[in-house]
1. Can you tell me the 0 to 90 degree angle between the C-alpha axis of helix 2-11 and the longest principal axis of the chain, rounded to 10?
2. Is the C-alpha gyration tensor of the chain telling us rounded, prolate or oblate? Criteria: a/c under 1.5 is rounded; beyond that, a/b larger than b/c is prolate, otherwise oblate.
3. Would you list 128, 119 from fewest to most Cβ contacts within 10 Å?
4. Against the longest principal axis of the chain, how steep is helix 37-47, in degrees 0 to 90 to the nearest 10, with axes from Cα atoms?
5. Counting other C-beta atoms within 10 Å, which of 74, 20 has the fewest, and how do the rest follow?
6. Which angle from 0 to 90°, rounded to the nearest 10, does the C-alpha axis of helix 139-149 make with the longest principal axis of the chain?
7. At 222 nm, what helix-only mean residue ellipticity would the chain give, in deg cm²/dmol to the nearest 500, using -39500 (n - 2.57) for each DSSP H run of four or more?
8. Roughly how many nanometres apart are two label points built 7 Å out from the Cα toward the Cβ at residue 114 and residue 74?
Ligand code: IDP
Ligand code: MG
């Protein structure tokens, strides 16, 4: 058993491990209601990132308060929790090299007015309080958010056939 594990570990190069970074991305209720689910997923797919998990659900108050616990003292916190319960959300896990940092670039700035055209928030929304998408801001918060929203068995292991066309190694 240990030998198998060791040989498996030596087979996974550091580059391959880096390519397996994961981010928690969630389409917010306004993104769903405005029919932007396909467009948003397309941005991540066409970049070359790999979808590992996705679901469609109404998020409860308790889960949302945990998810946004860092912001609990901010004046907009109650309206944020309310907004996130206005309709279903699409929580997802995306995988790839630097997906946390690059995912934030794909999203744009928190305030859509500061987001460049070509980014999701720059192209599809206007106000901070209706900015259609969430993306983890660090690898550490990504891991926490993935564990909060997904059961480990909901994360699907698969090899994307395009892998050697997206990465050199
Ligand atoms: P982020 O989503 O870009 O990481 P955060 O600062 O983590 O931005 O804030 C989380 C979410 O809280 C934002 O995406 C937005 O929906 C909401 N929010 C942040 N600042 C404001 C504000 O000043 N007014 C209303 N909502 C806000
Ligand atoms: Mg944030």
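Values quoted throughout were computed directly from the atomic coordinates according to the rules given, and no laboratory measurement underlies them. Note that the coordinates shown come from a computational prediction; the quantities given were computed from them, not determined experimentally. Every residue, glycine among them, receives a Cβ derived from its backbone with ideal geometry; neighbour counts consider all protein chains shown.
1. 70
2. Details: a/c = 2.14, a/b = 1.58, b/c = 1.36.
Prolate.
3. Numbers: 128 15, 119 19.
Listed from fewest to most nearby Cβ atoms, that is 128, 119.
4. 40
5. Values: 74 11, 20 14.
The most exposed by this proxy come first: 74, 20.
6. Between helix and principal axis, roughly 70 degrees.
7. Values: 10 runs with 74 residues, N = 169.
Helix contribution divided over all residues of the chain: -11500 deg cm²/dmol.
8. That separation, rounded to one decimal, is 1.1 nm.
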